[in-house]
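The structure appears below as structure tokens.
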């Protein structure tokens, strides 16, 4: 008797594998296609946490030093300007205290500092509001992510 030895996959088996991979990729691709918006939101939330922590650490340092509300403090060898017991809303205040990366574009206004990942995107930023000791008792951080996607 003559026995025929077969090795490898048949054409039908190969086609079925390709079809299964196609179906899996059709479900997986939309899930991973646009992670940019999620990444921007996560980055802004991390920055907001960093700003809150830095403001509270600078405030605690000022209290520990027994200094007044506008007396600057030194954190890790960096001089931090203060107002109302919290870092000012500028490069010498909260940006220095939080050591904010140059990936963010900072825009100063009176009493506020806005951080954008991409200034062309509106409603995708973090705003630090400095304390003034009268109407704004503590520093505030506001995150806006509605325009990040």
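Is there a residue in segment 100-122 that is at positive phi and within 17 Å of the chain's Cα centre (by Cα)? Checked segment 100-122: no residue is at positive phi and within 17 Å of the chain's Cα centre (by Cα). In segment 60-87, what residues are buried (at least 20 other Cβ atoms within 10 Å of the Cβ) and either farther than 18 Å from residue 113 by Cα or in contact with a helix residue (DSSP H, G or I) (Cβ under 7 Å, 6 or more places away or on another chain) (or both)? Of everything in segment 60-87, those that are buried (at least 20 other Cβ atoms within 10 Å of the Cβ) and either farther than 18 Å from residue 113 by Cα or in contact with a helix residue (DSSP H, G or I) (Cβ under 7 Å, 6 or more places away or on another chain) (or both) turn out to be 62, 73, 80, 82, 85, 86, 87. For segment 47-58, the tally of residues that are free of Cβ contacts under 8 Å to residues at least 60 places away in the same chain and either surrounded by fewer than 16 Cβ atoms within 10 Å (Cβ to Cβ) or in contact with a strand residue (DSSP E or B) (Cβ under 6 Å, 6 or more places away or on another chain) (or both) stands at 4. Check segment 35-53 and report whether any residue there is touching a helix residue (DSSP H, G or I) at 6+ places or on another chain (Cβ under 6 Å) and closer than 30 Å to residue 141 by Cα. Checked segment 35-53: at least one residue is touching a helix residue (DSSP H, G or I) at 6+ places or on another chain (Cβ under 6 Å) and closer than 30 Å to residue 141 by Cα. With the requirement that a residue be touching a helix residue (DSSP H, G or I) at 6+ places or on another chain (Cβ under 8 Å), at pLDDT 90 or above and either surrounded by fewer than 18 Cβ atoms within 10 Å (Cβ to Cβ) or over 14 Å from residue 86 (Cβ atoms) (or both), what does segment 117-136 give you? Within segment 117-136, 124, 125, 126 qualify.
In summary, residue 79 fulfils each of the numbered conditions (1) touching a strand residue (DSSP E or B) at 6+ places or on another chain (Cβ under 7 Å); (2) at pLDDT 95 or above with the single exception of condition (1).
Is it fair to say residue 100 is assigned to a loop (DSSP other than H, G, I, E, B), touching a residue at least 40 places away in the same chain (Cβ under 8 Å) and buried (at least 20 other Cβ atoms within 10 Å of the Cβ)? So residue 100 fits the description; yes. Residues of segment 117-130 that are free of Cβ contacts under 8 Å to residues at least 60 places away in the same chain and closer than 23 Å to residue 58 by Cα: 127, 129, 130. Any residue at all in segment 10-31 that is assigned to a helix (DSSP H, G or I) and closer than 30 Å to residue 119 by Cβ? Yes: one or more hits. Is there a residue being touching a residue at least 24 places away in the same chain (Cβ under 8 Å) and not in a loop (DSSP other than H, G, I, E, B) anywhere in segment 66-83? Yes, the conditions are met somewhere in segment 66-83.
The values are calculated or read from the model by the stated rules, or taken from the named source; none is laboratory data. Remember, predicted model here, so these are calculated numbers, not experimental data. Neighbour counts run over all protein chains shown; Cβ positions are idealised from the backbone, glycine included.
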